[in-house]
Structures are given as C-alpha cells and as structure tokens.
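Participant: Okay, handing you the structure first.
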Ligand code: SF4
Ligand code: SF4
C-alpha cells in the first residue's frame, strides 16, 4: 500500500509534466507555471488554473548558453533550458518571483526567448519589518490577482480564494506532519523519498496531491507502532534547493538523514500557513511576511543564522550541510555569518557547491562520507 | 596621434575628492554620523538630515582602478565569500578583514542606508557589513517597475522615505529639516543639469569630451551631488569644455566613429580600452552608467519627486524598456556602433545582453559586440579575447 503510494509521488517527480498534461486534457483548463520561491499558488488555483512549479531541470542546461551567461546559477539556467527544449509546452503562463538579481532579469529574457500568453512577476518586498512592506505586498497581491482575473476572464471571489487557501493549508499541515514522522524515523522513507514527496506537490493538481498525501500520512502513522525507528545521523540541509537529488541518495547511503532544512523545495515550502479568517488577500500577505528567514529576504541582523542554530539544536542534528548552487549570490553572502554562528554553537558545518545537470558527483560523495564520519565521532563522544 | 591634453579640472577633482575623504573623518570627529549609501540613492535626504554620506562602491571602483581589487578580494575569499560575487562588495568586505589597506581604510559606518534599485548585491553586502561593524541597516526597497506597477512602487517608496526620515531623526536626535531638503534638491538639480549638459557635448562631431573622460569626472556627481561643491565643479568643467570647443581641442583627434558603451568601464583597463579605441578613431560617447545621474526634482513635492526619480533609474526597468533606453541614447548621440560589457560582477546589467544585442542590431542596423570581463577583477580579463572581439567590430565599422 505504502509502496504504491510512494510510487505515485516518485513518478510525478520523474515525469514532472505528466499530471499537468493529463489535467489539461481532462479539464480543458490552463496551467500557470511558477519559479521558486514563495509564489502564492493559492491565487493561481483560485483563478481556476493549475499551478505548476518549475524548480529546475536536469537535461540540456547548456541550451541556455545563448541567453544566460555561464556564470549564472544552474537553477535559472536549467529552467530556461527546459522551456527552450520544449519540455514545458503545456504551460500557458509563468510567474517569476523577484528574489535575486537573476530572477529579476530572467523574466524579460524568458519572454523574449519563449513568450507565453501570460507572464508576470511576483515582486515581493525585500524588507519585511516595516509597515510599508505589508501595505505594498497587499497591493502587489491585488495586482497579481487582477492580472490572473483578466487572463481567466472571471473574478476570483473571496470564497473561492478562501477555499484555495484552506486546501493549501491542509496540504502544508500534512507535510508538516509527514516531516515530523520522517524525523522520528528517518530510515522509513529516507531523505530522497521524503523530499520527492514534498516536491511532487509542485507538479500535481493540489486536490489529488492532498488526497494521496493524507493516505500516506495515515499509513505511516499506523505502522509506526509496529516498526522500530532506525538509527541515522541527523542532518540539517541549508540552501535553495536539494539539487542534484543524487546528493540525498548519497546522504542516505552514508548513514545520514536530512531531518531539517530551510530550503525552497523543503521546509520553506510548507512551514507557514495563511490565516483562514478574515480577508484572504491579507491572509496571503501575512503568510509571506511570516515566512522563515532565507537568503532572499533582508531582515536586520540576520535572524537566519540564529534560526539555523535554533533549528539545528531543536532537532538535535549532528551537522549542517550548506548545499549552495554555484553562482548563487544571496546564499554566498550569508554563508560566512551562518558558518560563524554554527561554529560558536559548536555545530559542525560543511559547504558543498553544486550545479544542476552536472554528472561529476563522486568527489562530493567522498566529502560527504568524511563529514558524516567526523560528525558521527563527535556525536558519540558528546 | 597627438597626446591628450589633460583637463585642468582634473586637478580640481583631486582636491575635491581629497576634501571629501577628509570630510568623512571630520564629520566623525564632530559627532556627525557617517552613513554608507549606495550610488543610486536619495542622498539628498541624507545631506538634509546632516548625516555624512559615504559611498563604499566608490571605494571599490578606486581599488579596481588601482588594480588591487584581486588582492583585497582574497581576504574576503578566505572567509568563504566567493569570487563570483560583485567585485565592489569583495573589495569592501576584503578591506574590512584585511590588515593591509592599499587604497586606505574603507570608512567605518555608523549607519548603513541601502537602496536595491541597482541590484541585490548591495543589500547583501551592506547587511554583512552591518553585522561586521555592528551598525544599523536600513533598506530602501525598489521593486522593478513597468506600466503595471509604477504608481504602487512610487507610493511604496514614498512611505519608505518617511520611514527613513524617522530613522534618521532617531540617529541624529533632531527633527528633519524639510526646508533644508528643498535647498539640497535645488543644488542636486543644478549639478545634474550641468553634468548632463557636459555629457551632451559628446554628440558634437568631433567631440570635446567622451565616455572615458566622463568616467574620470563623475566622482563628484555621485559623491557631492546635493552640495554647492558639485555645482561649482561642474560649472568649471563645463567652462573648460566650452573653451576646448572654441579652441578646437577634441577628445580624439581624428574622430571617425562614435560608439555607445553599455554600463561601466573595466576600471583597471580603462586606459587600455581608451587607447584601443583611439587607435581606430573610435570614441565612446555615451553610456547608461554616466547618464544615470540625470535627476530632476520638484522641490515642491520633495518626497514624491525623489521617489519618481530614484525608482525609475535605468537599471530598475525590464528587458524591453532597457533596450529602448539604450537605443534612445544611441540615436541621440548618433553612434556608429555599440559595445556591451557583460560584467561578471553585475548580473542586473549583464544578464540578457546577448539577446539585447541581437534585438538592438535588428532594430537599428548598427554593428555591435558583447564582451566578457569583470569591472574590477583582472583574473577574469582575457586581453586576446576582448581584443579580437573589438577587431571584429572595427572591421564592421570600416566596411560600412
Ligand atoms: S539559486 Fe540563487 S541566484 Fe539562482 S535563482 Fe535562486 S536565489 Fe537566485
Ligand atoms: S556593480 Fe552591479 S552588482 Fe556591483 S554594486 Fe554595482 S550595480 Fe550592484
């Protein structure tokens, strides 16, 4: 039973466009894509479109060369490469969030290279602590809503939006439960599988996904009584995305397990809900403002470092792995301070620089194994 | 080719910049807070608040021009700041951690005021600096503008200016002086007007003044904008250029072609480019970089007009609009070709240049090149590669 369920999630991740194509055929609807992170999928959903996440691709990254210099992160390059290769042919639109200089510039290039009937940006505020941020954010959400309404030809009623919000909250809450179960027995699913389940949310119609997820959570909860928890070296992963996914396999194979993270395709995706009482647009703004700290926001005094330390402690992790995409500036600017904070707290850290679509991963395996051996020793001794 | 006659005003600039750096220490001694600001920043408010504005980007450009950017960067790289980051930021961070200071010590901030109109590197750099120097950080957030959102972004910016004024009142312990702001805005207007009149002379054929000259004369419009000093400086420079026009002294004797140069120079190679172009009779005459200081404020609507000007900086626009703006400058200066600098340090300016180049040539019929380098760091400069790119352009120019 569990195996069949898991197979569905894995298939969604291995063939990301499958559900979108089927959904279009069945419903005759339109699919609006989004790039990470933080795009309010609830708005797309409430407008009657299927939201589809594009958190990078793995093939033909070089096809972006003519448009994006080689010193641009492989996440952006691989997304554009997917479009150039015709692998996103089912998209009727795309929303790009402005979270860094690359995403800020990518939209115009995308529009030029591969125009879509609907293209928008999500220009979220980059400061979140002052009153102006909330007011602006609400206006921006209102603007996005109107643009989606124009494209769909009908209004999004508050009731509709509320329904979408509660559907998304429901799936996020299930993901939080799953993540707790994973933490309690990280050998059950393994890191690769856990993050596949999270990621498949981006590729499936949300109703269907939530149904499957609910079944999965129930099954795991039930069998919990019967299965003893396996022992793994608990780790925290910090970065934008868990890419390439083989790294998760390597961690699993080396006896580790990722039990906490701050990633856009991980905890950041399901950490925070939107309130379900009151004005739904205001609720989406609140969700954004309450997001966990990350490289894309500029909070004073970097609560991100404190956040990482606290999370590492709360979940008793043996070490932190920074998974940084090469050329990702926001992550690199934060790194030194984050590492310092970990050092002060006595938590070992390892920085790995990765790229999507590269094949030379063996060196990384060696470094990971060495790190795991090291932290295992420390964990025993402590 | 005759040697270039140096500008008399250059000496004046040296004195003015020395005065600027001295003013920072004097301010500190007198208990005036020193605030780090970004190049495209409503510094008028900072001056009006009686706070001293310091430009760390200038420090980076200076280090780059003196060819020590790589050296300073090493100290940052040793701490895990990678060489893929903006070169200015690496210079600034590197200097903070360095024991050697080949271009003097970067001024320590009491406050950090940052606008992200230009890029997302500045806030990340300033934030890191705020932690290092234990100073408070204020971000002026400027989302990218287009027709669909420009009004709401302006409203957002005005509200943030009010928040910043409150922040500065706290820092200085004094109420903000709006009358003083009016004066500063007028001074800023005047300096910008003079600066752009000067830039315009590059359209004359042959021209008395080109883009590389502009790069050497722009420090005051960045750092002294909003003061009497900037106005006096550009009056003197304009007078000198006027004299040169009358005496027939040209920026490039035997000027054959005018080129548009996108973005900033490769600082450590400024002279090399100048000579390479001069040898072929080509003069770079305009650039979005030097033309960025073309503000016109309405002192009767100070905050609104500050928002309008600073939010609609060139670099805060999207792909299409930026192509239009480049073409407008190309038309205005009647250029024969263009050079686009794909600056590894500066994603907001470099990304999309290859597609933009195709579009510009399609729309204008002008020949042009895109070349790869870093504005500060010579580790990313391949002379042979750049030269061969330029040769292709020169051949195209010659065959037109
Ligand atoms: S990986 Fe970094 S540089 Fe790339 S899109 Fe994400 S935040 Fe921007
Ligand atoms: S060079 Fe570019 S990235 Fe660096 S500070 Fe200037 S605008 Fe920002």
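Taken together, the values in this text are just the output of simple stated rules run on the coordinates, not laboratory data. Note that the structure is predicted; figures quoted are calculated from it, not measured. Note: ideal-geometry Cβ built from the backbone for every residue, glycine included; neighbour counts use all protein chains shown.
Participant: For a test of the definition: using alpha carbon positions, the gyration tensor, and the 1.5 limit on a/c, classify the stretch B:77-136 as rounded, prolate or oblate. Spell out each step's value before the answer.
Facilitator: Values: a/c = 1.69, a/b = 1.15, b/c = 1.46.
Here the stretch B:77-136 falls in the oblate category.
Participant: Follow-up question, since we're still on this one. Counting pairs of alpha carbon atoms under 8 Å apart in space and at least six apart in sequence, what relative contact order in percent does the stretch B:9-176 give?
Facilitator: It rounds to 20 percent for the stretch B:9-176.
Participant: Using only Cα atoms, tell me the angle between helix B:8-29 and the longest principal axis of chain B; keep it within 0 to 90° and round to the nearest 10.
Facilitator: The helix B:8-29 is inclined about 20 degrees to chain B.
Participant: Taking every DSSP beta bridge that has both residues in the protein assembly as shown, what percent is antiparallel when rounded to the nearest 5? Could the numbers behind the result be given before it?
Facilitator: On the way: 0 of 54 bridges.
Around 0 percent of the beta bridges assigned by DSSP in the protein assembly as shown are antiparallel ones.
Participant: Please average, across the residues of B:338-346, the number of beta carbons from any other chain that are within 10 Å of each residue's own beta carbon, and give a whole number. Let's see the in-between values first.
Facilitator: Details: counts 0, 0, 0, 0, 2, 1, 4, 1, 1.
Average per residue, whole number: 1.
Participant: Right, here's the next one. At 222 nm, what helix-only mean residue ellipticity would chain A give, in deg cm²/dmol to the nearest 500, using -39500 (n - 2.57) for each DSSP H run of four or more?
Facilitator: Numbers: 16 runs with 206 residues, N = 382.
Mean residue ellipticity at 222 nm (helix-derived): -17000 deg cm²/dmol.
Participant: What percent does the relative contact order of chain A come to when contacts are Cα pairs within less than 8 Å and at least six residues apart?
Facilitator: Values: 599 pairs, mean separation 73.2, N = 382.
This gives 19 percent for chain A.
Participant: Give me the orientation-averaged projected area of the Cα convex hull of the protein assembly as shown, in nm², one decimal.
Facilitator: Working: hull surface 137.5 nm².
Over every viewing direction, the Cα hull of the protein assembly as shown projects on average to 34.4 nm².
Participant: Using a 10 Å cut-off on Cβ to Cβ distances, tally the other chain neighbours for every residue of A:140-153 and report the average as a whole number. Walk me through the numbers on the way to the answer.
Facilitator: Values: counts 5, 0, 1, 3, 2, 0, 1, 1, 0, 0, 0, 0, 0, 0.
Partner Cβ neighbours, averaged per residue: 1.
Participant: Helix A:206-224 versus the longest principal axis of chain A: what is the Cα-based angle in degrees, 0 to 90, to the nearest 10?
Facilitator: The answer is roughly 20 degrees.
Participant: Would you mind giving the mean number of other chain beta-carbons within 10 Å of the Cβ of each residue in B:138-145, as a whole number? Spell out each step's value before the answer.
Facilitator: Details: counts 3, 11, 3, 11, 2, 10, 7, 1.
Going residue by residue through B:138-145 and averaging, the value is 6.
Participant: Nearest 10 degrees, 0 to 90: what angle lies between the long axis of helix A:74-84 and the longest principal axis of chain A (Cα atoms)?
Facilitator: Approximately 40 degrees, to the nearest ten.
Participant: What percent do you get for the relative contact order of the stretch B:180-399 when only Cα pairs under 8 Å and 6+ apart count?
Facilitator: Details: 328 pairs, mean separation 47.2, N = 220.
With pairs under 8 Å counted, the relative contact order is 21 percent.
Participant: Could you give the length gained on full extension between residue A:24 and residue A:352, defined as 0.36 nm per residue of separation minus the Cα-Cα distance, in nm?
Facilitator: Values: separation 328, 0.36 × 328 = 118.08 nm, distance 3.91 nm.
Stretched fully, the residue A:24-residue A:352 segment lengthens by 114.2 nm.
Participant: Now a separate question. Among B:240-253, B:17-30, what's the highest-first ranking by average C-beta atoms within 10 angstrom per residue?
Facilitator: Details: B:240-253: 16.6, B:17-30: 13.8.
In decreasing order of mean packing, B:240-253, B:17-30 become B:240-253, B:17-30.
Participant: Taking neighbour counts of Cβ atoms within 10 Å as a proxy for exposure, in what order, fewest first, do A:34, B:272 appear? Please report the intermediate quantities before stating the final value.
Facilitator: Details: A:34 24, B:272 14.
Exposure proxy ranking, most exposed first: B:272, A:34.
Participant: May I ask you to derive the FRET efficiency for residue A:170 and residue B:177 from their Cβ-Cβ distance with R0 = 60 Å, giving the value to the nearest 0.05? Let's see the in-between values first.
Facilitator: Working: r = 54 Å, r/R0 = 0.91.
Computed FRET efficiency for residue A:170 and residue B:177 comes out at 0.65.
Participant: While we're looking at this one, here's another question. For the ranges B:320-327, A:231-238, what's the packing order if you count other beta-carbon atoms within 10 Å of each residue, average per peptide, and put the highest first? Each step should come with its number before you reach the end.
Facilitator: Numbers: B:320-327: 17.5, A:231-238: 22.2.
Ranked by mean Cβ neighbours within 10 Å, highest first: A:231-238, B:320-327.
Participant: Still on this model: Based on DSSP H runs of at least 4 residues, each adding -39500 (n - 2.57), what is the mean residue ellipticity at 222 nm of chain B after dividing by all its residues, to the nearest 500 deg cm²/dmol?
Facilitator: Working: 17 runs with 214 residues, N = 400.
Here the helix-only value at 222 nm equals -17000 deg cm²/dmol.
Participant: While we're here: GNM on chain A, C-alpha springs below 10 Å: top fluctuator among A:336, A:209, A:121?
Facilitator: Highest fluctuation of the listed residues: A:336.
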